[in-house]
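The values are calculated or read from the model by the stated rules, or taken from the named source; none is laboratory data. Model, not experiment: these values are computed from the prediction.
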Amino acid sequence: MSSKDQMENCKICEREISSRRTSGLCGHCKRLRDRVDIRNLKLKKRHDPKAREIALRSSWVAGNGQFICMYSGVPLFSLARQSRSPLYLSLDHRIPGQEDYVVTCRLINDMKGILDDDEFRHIILDLADYFRGHKEASSALHSRMTLIQKQY
Ligand SMILES: [Zn+2]
């Protein structure tokens, strides 16, 4: 008689999994956590799996069975075949180069680029003011971008 698997819950989405999975994650969450980041490849750096698990866990909304973008609140796509969508789940470095991640959508991550959280928020707010017709916001934008430019 074969012994039955002990069951436990995925540490991220709480789906029931076999306790023989040493990662403690379901296949889907493990793939998201271990996805290769092209920027890290260039730096020959390995990501910190624990830091990624924390970010994924905090963006998981069990009631909806979905990950959400931590910057916009929108529900995200997370299947590999959806990877070209602007809503595809993406792991952003809260501070570029540091192992502190935020789950966001691909579009916002692309827009955020190498900016840290504060720089990104300020630029978005100034840009929104400018779009609303507050033409004076362009001088604030110019100052912020000049500061950021010095980091390149
Ligand atoms: Zn899972």
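Some points to look at:
- Counting the residues of segment 16-30 that are basic (K, R) and either modelled with pLDDT of 95 or more or assigned by TED's automatic domain parsing to the domain that holds V103 (or both) gives 1.
- Within segment 90-148, the set of residues being in a helix (DSSP H, G or I) and charged (D, E, K, R) comprises R106, D110, K112, D117, D118, E119, R121, D126, D129, R144.
- Evaluating R144 against the criteria (1) within 30 Å of E53 (Cα to Cα); (2) of a type outside the set (D, E); (3) not assigned by TED's automatic domain parsing to the domain that holds D48 leaves one unmet condition, (1).
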